[in-house]
Amino acid sequence: MKVLAIDTSTSSASAAVVSDGRLLGEITLNPTKAHSQIIMPVIEKLLAQLELTARDIDIFAATQGPGSFTGLRVGISTVKGLADAQDKPVIGVSTMEAMSHMFGFCNGYICTLIDARRNQVYFALYQYVDGNITTVMEPDVEDISILLSKLSCLNKQIIFTGDCVEKFVDLIKSNMGSNAVMPMRAYCVSTATSAAILAEKMYLKKEYKRIEPDYMIKAYVDQENK
Amino acid sequence: MVIKCKNAEETVEAGFKFGQSLKQGDIVCLTGDLGAGKTTFTKGIAKALNSIYEPVSPTFNIVNEYPGDIPVYHFDLYRLETENDLYSIDIDSYLYGNGICVIEWPEIALDLLEDYYAVRISYDGEGRIIETERI
């Protein structure tokens, strides 16, 4: 079985093909021109290099949110187009779970962060034990300082990953001290491989849904009242 | 700053001079009645930034993008009804993006903006008065 998954939920764009839990190939570009211009050439290049065509792919998948509104729409519509043309399943994977997955081999807590602007972040907190994931904090949107003070109260070592870790590194360090583990920023951008692995697992367990955007719209209206 | 313009060409020229001082990340809110010259002023800004397209009214598109030395994102928010419509056009990715935002009928977005140029164009007989202020 071959799975093609893409991620365009943040400023990076990636596509990966996974087969039976093994990575066949991945392309990640960061930062990119508009996703709409870049993702199809990336997919075409990847498949060509692997000597595959869209017809060889059994399952299509993409990260479905949260993330950039436009990025999500580009990614979701791209995989839907590819999948529906082949009459193949198209699976949605949580952006947050996919982002955390690559660090899941470290037993511990992983906090995923995506910049939601105006000092807010999309976040989630997961705990991995022997590769099994538990959701400690469901994906949500919050002011970064408020989130960090909640996390520091847990008094646990937490791995932070995501597109805005660099932006908030000082805040994270001052709230979490030595409890904050921050991977090299080069590792914080590539999510398609994880999305493909998760999609394959979901398909085999028959626990998947057709992809649908999960924008987690921040309430601009609430902003006024803060 | 206040400028008086006798005709459309002078409005473009005023926009050109104004555009020369703009930097990446700047936001310009343009207010004025229908026909006052908001898009005309924007043509001047675009010239200053070597935009590859000449601005046209974004009334129907809501956003027009003009690549150039610095990308210009030209908005007309007249048709938006609620603040959440701003989300549908992904306004944050423009406001925090790599270009200059020029916003006609900006009222609905003002709460989201902290630091911008306010340009008011009003009729003065046959000509126009253009007032510029940094907010």
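For the range A:103-187, the antiparallel share of DSSP beta bridges with both residues in that region comes to about 70%. Report the A-B buried area as the accessible area lost on both sides summed, probe 1.4 Å, in Å² to the nearest 100. Buried surface at the A/B interface: approximately 1300 Å². Near A:Thr95: Cβ cut-off under 11 Å, other residues only, Lys/Arg at +1 and Asp/Glu at -1. The net charge is -4.
For chain B, the equivalent ellipsoid derived from the alpha-carbon gyration tensor has semi-axes of 22, 17, 14 Å in decreasing order. For the residue pairs A:Lys45/A:Lys206; A:Lys150/A:Lys201; B:Lys23/B:Lys47; A:Lys80/A:Lys205; A:Lys33/A:Lys209; A:Lys167/B:Lys47, the alpha carbons lie more than 25 Å apart in A:Lys45/A:Lys206; A:Lys150/A:Lys201; A:Lys33/A:Lys209; A:Lys167/B:Lys47.
With contributions of -39500 (n - 2.57) from each DSSP H run of at least four residues, the per-residue ellipticity at 222 nm computed over chain A stands at -10500 deg cm²/dmol. Peptide B:90-100 has a mean shielding of 3, counted as Cβ atoms of other protein chains within 10 Å of each residue's Cβ. Among A:56-64, B:102-110, the peptide with the highest mean count of other Cβ atoms within 10 Å heads the list, and the full ranking is A:56-64, B:102-110. Cα gyration tensor of the range A:134-217, axes a ≥ b ≥ c as square roots of the eigenvalues: rounded (a/c below 1.5), prolate (a/b > b/c) or oblate? Judged from the Cα gyration tensor, the range A:134-217 comes out prolate (a/c at least 1.5, a/b above b/c). Taking a point 7 Å from the Cα of B:Lys6 along the Cα-to-Cβ direction, the residues of the range B:101-122 with backbone N closer than 19 Å to it are B:122. Compared with the dominant principal axis of the Cα atoms in chain B, helix B:38-48 is inclined by about 90°. Here the convex hull built on the C-alpha positions of the protein assembly as shown has a volume of 149 cubic angstrom per residue.
Taking the C-alpha atoms only, the angle from helix B:8-20 to the longest principal axis of chain B is near 60 degrees. Rounded to the nearest 500, the 222 nm mean residue ellipticity of chain B from helices alone is -7000 deg cm²/dmol, with -39,500 (n - 2.57) taken per DSSP H run of at least 4 residues.
Full extension from B:Val56 to B:Tyr123: what is 0.36 nm times the residue separation minus their Cα-Cα distance, to one decimal in nm? Write out the running numbers ahead of the final one.
On the way: separation 67, 0.36 × 67 = 24.12 nm, distance 2.06 nm.
Going from the current span to full extension adds 22.1 nm.
The range B:1-69 and the range A:32-55 have their alpha-carbon centroids 37 Å apart. To put it simply, the accessible area of the protein assembly as shown at a 1.4 Å probe is 49 percent carbon and sulfur.
Highest mean first, the peptides A:34-43, A:187-196 sorted by other C-beta atoms within 10 Å per residue fall in the order A:187-196, A:34-43. Mean per-residue shielding of peptide A:114-123 is 1, counting Cβ atoms of other chains within 10 Å of each Cβ.
Averaged per residue, what accessible area in Å² does the protein assembly as shown show with a 1.4 Å probe, protein chains only? List each step's numbers first, then the result.
On the way: 17490 Å² over 361 residues.
On a per-residue basis, 48 Å².
In the range A:60-78, the residues that give up 40 Å² or more of accessible area when the other protein chains are added, compared with the chain on its own (1.4 Å probe), are A:Phe69.
First measure r as the distance between the Cβ atoms of B:Leu110 and B:Glu13, then evaluate 1/(1 + (r/R0)^6) with R0 = 25 Å and state the FRET efficiency to the nearest 0.05. With a Förster radius of 25 Å, E is 0.35.
The values are calculated or read from the model by the stated rules, or taken from the named source; none is laboratory data. Bear in mind that the values here come from a model prediction, so they are computed numbers and not experimental data. Cβ atoms come from the backbone with ideal geometry, glycine included; neighbour counts cover every protein chain shown. Surface accessibility is based on the protein's heavy atoms, side chains included, excluding ligands, DNA and RNA. Shrake-Rupley method; radii C 1.70, N 1.55, O 1.52, S 1.80 Å.
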